Structure formats: C-alpha cells, structure tokens
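Structure first, then comments.
Where a number appears in this text, it was derived from the coordinates with a stated rule and is not lab data. Nothing here was measured: the structure is a model prediction, and the numbers come from that model. Positions of Cβ are generated from backbone atoms using ideal geometry, with glycine treated the same way; all protein chains shown enter the neighbour counts.
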Amino acid sequence: MTRTPTVSEEVVPVLLAWGGPRLRDLPWRRTRDPWGVLVSEVMAQQTQVARIIPRWEMFMERFPTPEALASAPLAELLRLWQGLGYPRRARSLHEAAGRITAEGRFPASIEELMDLPGVGPYTARAVAAFAFDHDVGVLDTNVGRLLARLVGERLRPTEAQGLADALVPSGDGWIWNQVVMDFGATVCTSRSPGCSTCPLLRLCSWAGSTEHPDPARGSAGVSSRQAKFEGSDRQARGRLLAALVEGPLPVVAVSSVMERDRDVAERLLADLVEDGLCRRVGDDVELG
C-alpha cells in the first residue's frame, strides 16, 4: 500500500493568501480553453516562461483551434516553433490536433488526455486542472521541490503525487495549482530559496537547514539536470532544422550545417526523417 506523506493543514490557506495578490499574469491563465492550455503546457516543457509568452500569443493567433493546426502542414508549425527546443513536441502537438479534430471533441478526463500523442501524466493533469477545473494535483519540478522540503524527506513519485492530490482544496483546483507552482518558481527555488521571508517557514520540515541535506535533491517531481546542450546531438539537429526554415538544402550540405562528420550527420538526419520533422526529396532535404 502506497504511503501518502502529510503536511500541516495550514499550508493551504497560507499559500492561497500569499498567492492571491501575487499570481503571475500569464496570457494562458486568462483562458479556460483546453486547446490554449495544452499549447502552453507543451511549449513550457524545458523552455523558460518569458520565452514562451510571445510565441504562445503568435501561435494562438495563427492556430486558434485544433482544427486550424490539423489543417496546416507540419513544416509551417516547425517554422513557428524555432527557438522553443527540439521540435518532437511540435510534431506530437500536430498529431494531437489531428486526433482531436477527428474525434470532434476535446478530451476532458486525465485518461483520455493521456491518449493524445505527446501527452503524459503531468500535461494531462495540467489541462484537467487549468481548463476543466478538476481537483487534481499538478506535480511539476517546482511543486515537487516544495513538497519534499515541507515533508523533510525525499519522495517517491507515487508519494509526491499522492500528497499533491491530497492538498488540492475542493473546488479550487485551478487557483491552488497556479499558486503552488508560482511559489515554487519564485520563493522555494532550487538554488536560493527565500526561507527567511517564506510564509511557510514554521510549517516546513527543512527550511534551509545547513545540518540536513536538501530533501528536494533527486526527489520526485524535481527534474534531473539535462545533458549539456553545447556540442550535443540535439544542438546539431537543431542547427539543421533552423537552416531548413529558410528553405531546402542539398543533402551534401547537411554535414557542414550540423558541424558533424558525414557518418554522424547521416545518422542524425535519419533520426529527423524517422521523426517526421524533415524529409529527403531527391538530392535535397526539406522540413517535414
């Protein structure tokens, strides 16, 4: 049987009182449209919020509905996606739009949402909470860090999710999840937590203790450090996709654009073709 750690019941009213006047004004928080929420969550994966805002607004103007994206070629989406990270996410979003369009409705339950291409447990819960007002806990890096510190111990995934769900106040899933995510992002941060001015100081089992290691290190919900980007295959693939935004390239130029030797470039190009992000047309390569 899975153990669900507990924290003081005071945590909920204290955080809601803190967050009400401090909630960050993000454009996707002004809508309950599940499409807009899904797009924001997909964009936010490994991308800073400040970079997402103009891209989300541009995206929603061009593709305001799943139908609008489903009817557009993937290449157009990939051009818009430049700068938002490796675009497998864009391809999955394009496929999800096609699925939603074909079914004629937007899935509302966590189980149905997870059936969409590229949608995992976190994104499904985020859409359920932020678009459909479901009382479910949304466990991201910031929330996982906060929970581990409040409890004062490392949490297994099921424990962290169980605690996140248990804390959601009935009928307030939207505001609670927004507040707790903002709190983790701005106060209970990974490197310089503001423990001295934290409203949860007396309720926290860790509270910046120098005698005990930070329980959030390696805890559930806290992302592990991503492999270095500089010099990586991700960077090489990104160089090629960025070049293809300007138009097709000869296959013989791929190695030079990727800054990789011929064999490695061929392998990375094959990966991109298999992912549907680009295609070979004769002696040229173009966006998929």
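Hey, can you rank 231-239, 39-47, 144-152, 102-110 by average C-beta count inside 10 Å, highest first?
Result, highest mean first: 144-152, 39-47, 231-239, 102-110.
Quote the charge dipole size of the range 233-287 about the Cα centre in Debye, to the nearest 20; the model charges only the Cβ of Lys and Arg (+1) and of Asp and Glu (-1).
I would put it at about 100 debye.
Label-point separation (nm) for GLU9 and GLU153, each offset 7 Å from Cα along Cα-to-Cβ?
The answer from the label model is 2.3 nm.
With a point put 7 Å past each Cα toward its Cβ, work out how far SER71 is from GLU266 in nm, to one decimal.
About 4.3 nm, to one decimal.
Suppose each label sits 7 Å from its Cα in the direction of the beta carbon; what would the LEU16-ARG99 distance come out to in nanometres?
3.4
At 222 nm, what helix-only mean residue ellipticity would the chain give, in deg cm²/dmol to the nearest 500, using -39500 (n - 2.57) for each DSSP H run of four or more?
-15000 deg cm²/dmol
At a threshold of 8 angstrom on Cα-Cα distance, excluding pairs fewer than six apart, so keeping six or more, what relative contact order does the chain reach in percent?
The normalised contact order for the chain reaches 20 percent.
For the charge dipole of the chain, defined by +1 on Lys and Arg C-beta atoms and -1 on Asp and Glu C-beta atoms about the Cα centroid, which residue among VAL285, LEU16, LEU93 has the Cα displaced farthest towards the positive pole?
LEU16
Assuming R0 = 35 Å, what is the FRET efficiency of ARG88 and LEU201, from their Cβ-Cβ distance, to the nearest 0.05?
The formula returns an efficiency of 0.25 here.
With the cut-off at 1.5 for a/c, could you classify the range 233-287 from its C-alpha gyration tensor as rounded, prolate or oblate?
In terms of gyration-tensor shape, rounded.
Under the Kirkwood approximation applied to all pairs of distinct alpha-carbon atoms, what is the hydrodynamic radius of the chain in Å?
Hydrodynamic radius (Kirkwood, Cα only) of the chain equals 20.7 Å.
Tally Lys and Arg at +1 and Asp and Glu at -1 over the other residues with C-beta under 15 Å from the C-beta of MET58: what net charge comes out?
Local net charge: +1.
Please work out the ratio of the alpha-carbon Rg of the range 141-184 to 2.2 N^0.38 Å and round it to two decimals.
The value comes to 1.10.
Taking 0.36 nm per intervening residue step and subtracting the Cα-Cα distance, what contour gain separates MET58 from ARG29 on full extension?
Stretched out fully, the MET58 to ARG29 stretch lengthens by 8.9 nm.
Let me know the charge dipole size of the chain about its Cα centre in debye, to the nearest 20, where only the beta-carbon of Lys, Arg (+1) and Asp, Glu (-1) is charged.
It works out to roughly 680 debye.
Roughly how far apart, in whole Å, are the Cα centres of the range 103-147 and the range 154-197?
First find each Cα centre; the distance between them is then 16 Å.
Considering all alpha-carbon pairs of the range 51-119, what whole percent are spaced by more than 15 angstrom?
Roughly 53 percent, once rounded to a whole number.
Can you report the principal axis dimensions of the range 39-175 using only the alpha carbons, biggest first, rounded to whole angstrom?
Here the Cα extents, ordered largest to smallest, are 48, 31, 23 Å.
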